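Below is one structure; the comments refer to it alone.
The values are calculated or read from the model by the stated rules, or taken from the named source; none is laboratory data. These figures come from a predicted structure and were not determined experimentally. Counting neighbours? That spans all protein chains shown, and the Cβs are built from the backbone with ideal geometry, glycine included. Protein only, heavy atoms only, side chains kept; ligands, DNA and RNA dropped before computing areas. Shrake-Rupley method; radii C 1.70, N 1.55, O 1.52, S 1.80 Å.
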Amino acid sequence: MPPTGDKPSQSMTYADAGVDIDAGNALVTAIKPLAKATSRAGADVDLGGFGGLFDLKRAGFRDPILVAANDGVGTKLKIAIESGAHSTIGIDLVAMCVNDLVVQGAEPLFFLDYLAVGKLDVAVAREVVAGIADGCRQAGAALIGGETAEMPGMYRGGDYDLAGFAVGAVERGEILPRNDIAVGDVLIGLKSSGVHSNGYSLVRKLVERSGLDWAAPAPFSAGQTLGEALLTPTRIYVKPLLAAIRATGGSGPAGAIKALSHITGGGLSENLPRVMAGDVAARIDLSAIQAPSVFGWLAETGRLDPRELLRTFNCGIGMVVVVSRDRSAEVLAALKSAGEDPVVIGDVIPPTGEKSDAKGKGEAWAVKYDGALALA
């Protein structure tokens, strides 16, 4: 046995080791009303149990398939931590999960979060969870539980990490993408709010190169600091997409929408091939896309090659909708009615002759780009 040394003069507590149980209890009390505000059919939120409950029957499903997704927000967290702005990072966390559910035709039902800290600051944690609750309301999902872990020695100072877990449901036979995507189908883009939550390791390197700090005026966004502009939250597309799906015949064989693609890490180059079933490829008319000004600044600061920009960032399109040409006007109208500003950005074409390197889709065809991306 290792030597124990002198016996301690007094007993130790968990708080002596750096974990404050009282602070954890105070946080649960502080966030209960935030979670309660996200209640929906099927979930009567009451934090504090060992697990969250959800009633699928009350949610109105007949023969549902459950769809699950989990994600984080990457090194965008570093900007929130270093700039002391924590109110929107939770929206990003929800968005990255629920946008992955809706692309399969699923309605998000509930969400759980995991927050890991070195030292629990109840005010900061409450601000983060308030953002998560805001994201859940935007997505129509209930925040039914989560976990806060105080782990001294694992994280420095005010550092923390986030992970999110979302579960949704779709009726059997209505799962997207469909297998009838064909040459001539139209690609409709839904605009992003900016960088969203991917590529921030490169973003932070470029900010370092620029010599600016987070409190400096953003060169690409008047009236905002650089930190505020880069923390613009990821858009949540759930409600407008579900509204458009329902207005155009559902996501089954009779529906107008054949596939959806959430444009995250890898950009259009890697995410579109993931939904292109069959011997088809995507053609994108870059001149149809007006990229937010942040991308022009990033490209100029880093002297980024256009291909590098396109395979790292969303470049202004956060979601792509695949529809048959004869029903594209119907879908465009439905999206506009749901509050979107959709734009036709391309079409489905025969194989390009070049294989895509998208993860898990080694046999998919590469995206073909025409024109040049408009960078402000």
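Structure summary
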{"item": "Test: residue in region 160-168 that is open to solvent by 60 Å² or more (accessible area, probe 1.4 Å), among the aromatic types (Phe, Trp, Tyr) and closer than 25 Å to Ala80 by Cα", "result": "yes"}
{"item": "Residues located in region 199-226, provided they are open to solvent by less than 40 Å² (accessible area, probe 1.4 Å) and closer than 18 Å to Ala299 by Cα", "result": "Gly199, Tyr200, Val203, Leu206, Val207, Ala218, Phe220, Ser221, Leu226"}
{"item": "Qualifying positions in region 73-87 - open to solvent by 20 Å² or more (accessible area, probe 1.4 Å) and more than 14 Å from Trp214 (Cβ to Cβ)", "result": "Gly74, Ser87"}
{"item": "Within region 297-326, tally of residues that are within 21 Å of the chain's Cα centre (by Cα), open to solvent by less than 30 Å² (accessible area, probe 1.4 Å) and not hydrophobic (A, V, I, L, M, F, W, C)", "result": "4"}
{"item": "Pairs where the first residue, in region 70-97, is in a strand (DSSP E or B) and the second is open to solvent by 20 Å² or more (accessible area, probe 1.4 Å), C-beta under 8 Å, 6+ apart", "result": "Asn70/Ala163; Asn70/Phe165; Asp71/Asp100; Asp71/Ala163"}
{"item": "Region 141-160, residues that are within 25 Å of Leu109 (Cβ to Cβ) and either out of contact with any Ser or Thr (no Cβ under 9 Å at 6 or more places or on another chain) or part of a strand (DSSP E or B) (or both)", "result": "Ala142, Leu143, Ile144, Gly145, Gly146, Glu147, Thr148, Ala149"}
{"item": "Flag if Glu171 is touching a residue at least 24 places away in the same chain (Cβ under 8 Å) and under 18 Å from Leu101 (Cβ atoms)", "result": "yes"}
{"item": "Cross-chain or 6+ apart pairs with Cβ under 6 Å, region 210-223 first and acidic (Asp, Glu), then surrounded by 13 or more Cβ atoms within 10 Å (Cβ to Cβ) and modelled with pLDDT under 95", "result": "none"}
{"item": "Count of region 271-296 residues which are open to solvent by less than 30 Å² (accessible area, probe 1.4 Å) and not in a loop (DSSP other than H, G, I, E, B)", "result": "11"}
{"item": "Residue match in region 326-337 (condition: assigned to a strand (DSSP E or B) and either out of contact with any Pro (no Cβ under 9 Å at 6 or more places or on another chain) or at pLDDT 95 or above (or both))", "result": "no"}
